[in-house]
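All remarks here apply to the structure that follows.
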Amino acid sequence: MSIRGGLRFILLSEIVFPFVLLILGVTLGLLQVLQRAGIIKSTSYLGIEYYQGLTLHGTINAIVFTTFIIVAFSNAMVMFSLKRSLKPGVQWVSWLLMVGGTLMAAYAMLTGKANVLYTFYPPLIAHWTFYVGVVLLVVGSLVPFFFDWIPNYIAWRRENPTGRFPLPVLGVFVTFILWFIIVIPVSIEILFQLLPLSLGWVEEINPLLARTLFWFFGHPLVYFWLLPAYIMLYSILPKLVGGKLYSDPAARLALLLFLVFSVPVGLHHQYTEGGLSAGWKLWHAFLTFMVALPSFITAFTVAASLEHGARQRGGKGLFAWWAKLPYFSREGDQWLFSYFIAGLLLFLFGGITGIVNASYNLNLAVHNTSWVVGHFHTTVGGLVTLAFLGISLYMMAKLRGVEVKAKGLAVAAPYLWLIGMMVFEVAMSVAAFYGFPRRTAAGASYIDPASPLYHPEWYFWAHLSAGGGAIAVLGFVAYLVSFLGTLFARPVREPVVEFPMAEALHDEPVPLLSNLRPWLTVSILLIAFSYTYPIYESMTKGITAKSPAYNDRLPVPLKQTQTEASAEIPR
Amino acid sequence: MDRFEKNAIVLALALLFFFFGLVVYAAKALQIEVPTCLTGVNPFQEGRVIVLDEGAKRYQVNLLARMWNFEPYEIRLPAGAKVDLYLTSRDVVHGLRINYTNVNLMAIPGTVSYARVRFDKPGVYSIVCHEYCGINHHLMAGKIIVE
Ligand code: HEM
Ligand SMILES: [Cu+2]
Ligand SMILES: [Cu+2]
């Protein structure tokens with residue numbers, strides 16, 4: 001489909017804008033591994049403090065970059081699948097909200113007014129611009145869904161009364177229904193607790209309730225990141241290897257199971273806190289195991305699709321066909337394969353370590369240790385990031401009407417990232433057995449042989465993780481060369497929105513798997529059942545006192561520092 | 001759906017139920033439990049060690065987390081001590097893990113987290129704050145010395 005004018009600008013900038021920020025985000029990641037290992041001793045570098053940098057790293061990489069790319073990809077995919085243009089008016093509103101919100105939050109973080117990390121747990125409190133910025137970004141990301149894609153789908157349906165719900169559009173709709181559901185609790189947290197506290201409209205808030213509302217959002221958030229990657233695995237990846245999607249119904253079933261199980265699982269981030277009953281934590285643990293099922297189905301479907309493709313390319317034997325996949329191919333669109341396969345290999349470890357995290361009492365061994373950091377750099381920092389990097393480069397080249405430049409580097413990038421992140425993951429996982437904490441500027445204390453807090457057993461692993469991180473950054477640099485080369489190349493053809501789309505091998509229509517309503521109903525009932533009591537408990541029995549606001553500088557409530565002269569308070 | 005697909009789904013479910021079964025077994029039979037909602041324990045304002053029964057080596061430790069240290073900072077216990085550990089925070093959210101034990105708790109102001117732990121082996125068990133709690137978070141540590 002051809003595209004031009006404002007719409008083309010919007011889609012392009014939804015890719016380029018977060019990239020500019022991602023360059024900062026990845027640079028900060030490099031600083032973090034160096035600071036955690038004590039290779040950089042100071043907790044402040046280039047004018048950015050460790051925890052300020054970590055807030056930027058988490059927020060930019062995991063919230064801003066992901067959200068922008070998901071919106072850009074979904075915009076393009078819905079447009080391409082339904083063959084209907086988008087509405088520039090709606091897109092501009094969405095764009096302004098998202099860009100404006102991001103700039104507000106960036107202002108707060110860059111000026112050190114929001115050193116609260118991307119989970120912003122109260123009673124540590126940030127400047128109000130941080131919260132408003134996050135809300136605007138999130139609201140902006142929902143605008144196209146309600147005012148562009150749903151109307152387009154209804155119009156498409158009218159013209160195709162018997163046509164099947166296109167698989168990628170079903171995927172996008174599941175993703176954004178999920179997103180809409182979980183934005184509600186986090187908006188309640190921000191608008192009724194954090195923002196009023198930040199502005200001084202209220203004196204105190206309930207920090208336990210805030211955490212419960214946050215994780216109501218925070219875990220399903222990972223499926224918001226993951227599902228677009230799965231959509232790519234189902235609809236694009238099989239085509240790249242010259243095959244077909246093994247099973248269309250299985251892909252739909254997986255997407256719909258995510259709709260049912262992915263929200264009522266947030267207590268698995270709260271296993272280690274008092275104030276919530278163990279029985280409900282175990283229930284959320286059970287549902288977390290259930291939400292692993294659609295990922296298992298996806299693993300099977302993807303592997304079967306790859307096998308089918310490899311056999312079309314002459315692959316033989318039980319395992320020998322693996323050798324026939326286009327790992328290093330630079331032909332046509334096949335360079336994109338490297339991003340998916342490297343991401344999938346990382347995700348294998350992400351899945352296994354994730355099951356460990358979910359395992360209730362086993363979580364006691366890993367909660368808030370470096371294990372968790374290793375885990376999510378193979379999930380969101382692995383499959384999700386690589387799929388998004390790949391698809392961004394792909395879409396950007398099409399939107400500009402150019403060939404991808406420096407394809408060799410573009411193909412090398414995901415493998416460097418894979419190697420680097422694997423080393424990082426192993427180092428962080430092993431260090432965790434000895435208790436290496438996350439979210440800690442360890443180089444200034446635990447990894448410093450001169451410090452009384454020195455922990456020699458973490459020293460080697462912290463350094464190994466720095467090595468891994470550096471290799472991953474090298475991969476990012478390789479990618480960036482190709483990305484910038486493509487961005488500034490001279491156009492050679494019409495700008496288009498286009499994806500390589502695979503057909504399905506097994507394709508019998510199952511009406512239940514194209515109808516969102518029953519699944520959504522079950523989902524809402526399950527959420528209501530699983531969260532009513534924990535929220536009630538967070539507001540009553542679980543907590544005995546509310547908390548005033550603090551900032552990251554002083555061990556006394558903010559109010560007190562503002563009324564007394566802050567110089568008089570001992571540090 | 002074809003046969004292979006059905007098999008894959010059944011196998012995946014069987015694996016997940018098996019894992020979950022192990023988790024429940026560890027919780028119920030081996031008593032490796034996560035903290036639960038305590039009612040009737042009020043957050044305390046100071047940390048201390050209370051000897052419950054010297055002969056039976058039973059202790060209660062009220063550990064108070066605050067920006068940026070633990071009270072008490074250093075705890076001495078005899079080998080074999082059975083400890084009821086209560087943790088709360090006086091200001092923001094903190095957390096701790098006691099190395100080489102199953103103790104891993106969050107300290108949330110207004111709530112009390114609880115764990116039971118036995119220290120059989122003599123040695124130094126380091127404690128570090130593992131939840132970001134402000135600018136000096138990486139300096140917030142403590143230890144338990146078992147002799
Ligand atoms: C080469 C690239 C990267 C390196 C070297 C890196 C390194 C790190 C390190 C060392 C931490 C832990 C800091 C700490 O706990 O003290 C961290 C945290 C984190 N990283 Fe990365 N990272 C990279 C890329 C990414 C990407 C691409 C994403 C997501 C898309 C990501 C998401 C996160 C998140 C969400 C956190 C948690 C922040 C927090 O605990 O508040 N990182 N990263
Ligand atoms: Cu989770
Ligand atoms: Cu702390």
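The values are calculated or read from the model by the stated rules, or taken from the named source; none is laboratory data. Small disclaimer: the values here were computed from a predicted structure and weren't measured. Neighbour counts run over all protein chains shown; Cβ positions are idealised from the backbone, glycine included. Surface areas here come from the heavy atoms of the whole protein model, side chains and all, with no ligands, DNA or RNA. Shrake-Rupley method; radii C 1.70, N 1.55, O 1.52, S 1.80 Å.
Scanning segment A:410-457 for residues being more than 19 Å from A:Leu30 (Cβ to Cβ), facing chain B (nearest Cβ under 10 Å) and of a type in the set (Phe, Trp, Tyr) gives a total of 3. Residues that are free of Cβ contacts under 8 Å to residues at least 60 places away in the same chain, among the hydrophobic types (A, V, I, L, M, F, W, C) and under 17 Å from B:His130 (Cβ atoms) within segment B:64-98 comprise B:Leu64, B:Leu85, B:Leu87, B:Val92, B:Val93, B:Leu96, B:Ile98, listed in sequence order.
Residues of segment A:374-421 that are closer than 25 Å to A:Gly58 by Cβ, away from ligand 2 (no atom under 16 Å from the Cβ) and either assigned to a loop (DSSP other than H, G, I, E, B) or of a type in the set (Gly, Ala, Ser) (or both): A:Ala387, A:Gly390, A:Ser392, A:Ala413, A:Gly420. Condition check for A:Pro326 on (1) in a loop (DSSP other than H, G, I, E, B); (2) open to solvent by 20 Å² or more (accessible area, probe 1.4 Å): one failure, at (2). Only one entry in A:Ile184, A:Ile188, A:Ile205, A:Ile236 is of a type outside the set (Gly, Ala, Ser), away from ligand 1 (no atom under 16 Å from the Cβ) and without any contact (Cβ under 8 Å) to a residue 24 or more places away in the chain, namely A:Ile184. Scanning for something open to solvent by less than 40 Å² (accessible area, probe 1.4 Å) and at the interface with chain A (Cβ under 7 Å from one of its Cβ atoms), does segment B:59-67 turn up at least one residue? Taking every residue of segment B:59-67 in turn, at least one turns out to be open to solvent by less than 40 Å² (accessible area, probe 1.4 Å) and at the interface with chain A (Cβ under 7 Å from one of its Cβ atoms).
Close contacts from segment A:102-113, counting a first residue that is open to solvent by 80 Å² or more (accessible area, probe 1.4 Å) and a second that is not hydrophobic (A, V, I, L, M, F, W, C), with Cβ to Cβ under 7 Å and a gap of 6+ residues or different chains, come to A:Tyr107/A:Thr129; A:Lys113/A:His127. Of the helices (runs of 4 or more DSSP H) lying entirely inside segment A:205-288, those containing at least 3 residues that are away from ligand 2 (no atom under 12 Å from the Cβ) and within 14 Å of another protein chain (Cβ to nearest Cβ) span A:207-235, A:248-261.
The residues listed here are B:Tyr25, B:Tyr86; of these, the one that is open to solvent by 30 Å² or more (accessible area, probe 1.4 Å), aromatic (Phe, Trp, Tyr) and assigned by TED's automatic domain parsing to the domain that holds B:His130 is B:Tyr86. For segment B:111-140, the candidate set comprises residues that are of a type in the set (Gly, Ala, Ser) and open to solvent by less than 10 Å² (accessible area, probe 1.4 Å); within that set, the residue that is farthest from ligand 3 (Cβ to nearest atom) is B:Ser113.
Residue count for segment A:273-303, restricted to those that are over 19 Å from A:Ile535 (Cβ atoms) and polar (S, T, N, Q): 3.
Total residues in segment A:308-323 satisfying the condition of being surrounded by fewer than 20 Cβ atoms within 10 Å (Cβ to Cβ) and touching a residue at least 24 places away in the same chain (Cβ under 8 Å): the figure is 3. Checking each residue in segment B:14-46 for being in contact with a strand residue (DSSP E or B) (Cβ under 8 Å, 6 or more places away or on another chain) and at the interface with another protein chain (Cβ under 9 Å from one of its Cβ atoms) picks out B:Pro35, B:Thr36, B:Leu38, B:Val41, B:Pro43. Inspect all residues belonging to segment A:504-516 and state whether any of them is at pLDDT below 90 and among the acidic types (Asp, Glu). Checked against the condition, which is being at pLDDT below 90 and among the acidic types (Asp, Glu), segment A:504-516 yields at least one hit.
Please work out if A:Glu503 is touching a Ser or Thr at 6+ places or on another chain (Cβ under 8 Å), exposed (fewer than 13 other Cβ atoms within 10 Å of the Cβ) and under 30 Å from A:Met1 (Cα atoms). In short, no. A:Trp280 falls short on exactly one of the conditions (1) touching a helix residue (DSSP H, G or I) at 6+ places or on another chain (Cβ under 6 Å); (2) surrounded by 21 or more Cβ atoms within 10 Å (Cβ to Cβ), and that condition is (2).
Matching residues to (1) within 11 Å of chain B (Cβ to nearest Cβ); (2) within 15 Å of ligand 2 (Cβ to nearest atom); (3) within 19 Å of A:Phe436 (Cα to Cα):
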{"site": "A:Phe296", "(1), (2), (3)": "yes, no, no"}
{"site": "A:Ala299", "(1), (2), (3)": "yes, no, no"}
{"site": "A:Trp322", "(1), (2), (3)": "no, no, no"}
{"site": "A:Pro326", "(1), (2), (3)": "no, no, no"}
{"site": "A:Val366", "(1), (2), (3)": "yes, yes, yes"}
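In this structure, does A:Ser445 turn out to be within 14 Å of ligand 1 (Cβ to nearest atom) and of a type outside the set (Phe, Trp, Tyr)? Judged against the criteria, A:Ser445 is a match.
Scanning segment A:32-46 for residues that are under 12 Å from A:Ser445 (Cβ atoms) and either touching a His at 6+ places or on another chain (Cβ under 7 Å) or outside any helix (DSSP H, G or I) (or both) yields a count of 3.
Pairing residues of segment A:115-137 that are within 14 Å of chain B (Cβ to nearest Cβ) and of a type in the set (Phe, Trp, Tyr) with residues that are buried (at least 22 other Cβ atoms within 10 Å of the Cβ) and outside any helix (DSSP H, G or I), at Cβ distances under 7 Å and at least 6 apart in sequence or on separate chains, gives A:Phe120/A:Ala126; A:Tyr121/B:Val93.
Checked against the criteria, A:Pro166 does not count as surrounded by fewer than 24 Cβ atoms within 10 Å (Cβ to Cβ), within 14 Å of chain B (Cβ to nearest Cβ) and more than 16 Å from ligand 2 (Cβ to nearest atom). Picking from residues in segment B:100-110 that are more than 9 Å from ligand 3 (Cβ to nearest atom) and either closer than 14 Å to B:Leu85 by Cβ or touching a residue at least 60 places away in the same chain (Cβ under 8 Å) (or both), the one that is surrounded by the most Cβ atoms within 10 Å (Cβ to Cβ) is B:Leu105. When segment A:441-491 is filtered for residues that are over 27 Å from the mean Cα position of the chain (by Cα), buried (at least 18 other Cβ atoms within 10 Å of the Cβ) and in a loop (DSSP other than H, G, I, E, B), the ones remaining, listed by number, are A:Ser445, A:Tyr446, A:Ile447, A:His455.
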